[in-house]
Amino acid sequence: MSAMSDCSDMTSYLSRCHSCRVESGCFMVYDRPNYMGNQYFMRRGEYADYMSMMGMRDCIRSCRMIPMHRGSYRMRIYERENFGGQMYELMDDCDNIMDRYRMSDCMSCNVMDGHWLMYEQPHYRGRMMYLRPGEYRSFRDMGYSGMRWMSMRRIMDSCY
């Protein structure tokens with residue numbers, strides 16, 4: 001199957017998908033339809049045994065193309081849901097919000113510019129979430145209950 005844009009349900013094309021090749025650009029792939037479940041960032045390259053490499057328990061069920069962004073990056077992160085509590089504005093990568101801001105949790109954010117990846121552990125490790133420009137009032141309501149987001153990274157043109 002060839003995906004050149006978003007695909008919310010790959011099961012209509014494939015019953016199983018455990019490997020893939022990204023020929024250009026960057027994609028997020030998901031282990032559930034409709035861009036739900038665990039997310040994985042993929043740039044140009046071959047992913048021959050995707051399940052074991054990424055620790056993915058299921059097949060690739062949906063994918064989203066990440067558009068190229070040229071320009072500034074800006075995101076506000078908030079300690080509480082609905083933009084409450086401490087707020088910090090990021091314009092570059094942050095490998096640990098606890099060390100940099102003394103912030104123990106991030107429960108909502110507003111992405112003003114650019115595309116970002118958030119990670120559940122410091123130093124860009126653990127499960128991740130793709131964020132494009134928009135308001136994210138509650139990560140819990142988005143299905144990330146019990147997760148803490150501890151580092152953030154810009155998706156730069158270098159992946160194209």
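The values are calculated or read from the model by the stated rules, or taken from the named source; none is laboratory data. What you see is a predicted model; the values in this text were computed from it and never measured. All Cβ positions, even for glycine, are placed from backbone atoms using ideal geometry, and neighbour counts span all protein chains on display. These area figures cover heavy atoms from the full protein model, side chains too; ligands, DNA and RNA do not enter into them. Shrake-Rupley method; radii C 1.70, N 1.55, O 1.52, S 1.80 Å.
Keeping all protein chains in place, calculate the accessible area per residue for the range 74-159 (probe 1.4 angstrom), answer in Å².
In whole numbers, the range 74-159 has 49 Å² accessible per residue.
Hey, got a sec? Which trypsin sites (Lys or Arg not before Pro) in the range 37-144 land in a DSSP loop and have at most 15 other Cβ atoms within 10 Å?
Answer by residue number: 43, 44, 57, 70, 102, 140.
For the range 74-159, give the percent of accessible area contributed by carbon and sulfur heavy atoms, probe 1.4 Å, rounded to a whole number.
42 percent
Any chance you could run the full-extension gain for residue 96 through residue 23? It's 0.36 nm times the residue separation minus the Cα-Cα distance, nm to one decimal.
Gain in length upon complete extension: 23.1 nm.
I want the local charge near residue 83. Using Cβ-Cβ distances under 9 Å, sum +1 for each Lys or Arg and -1 for each Asp or Glu among the other residues.
+1
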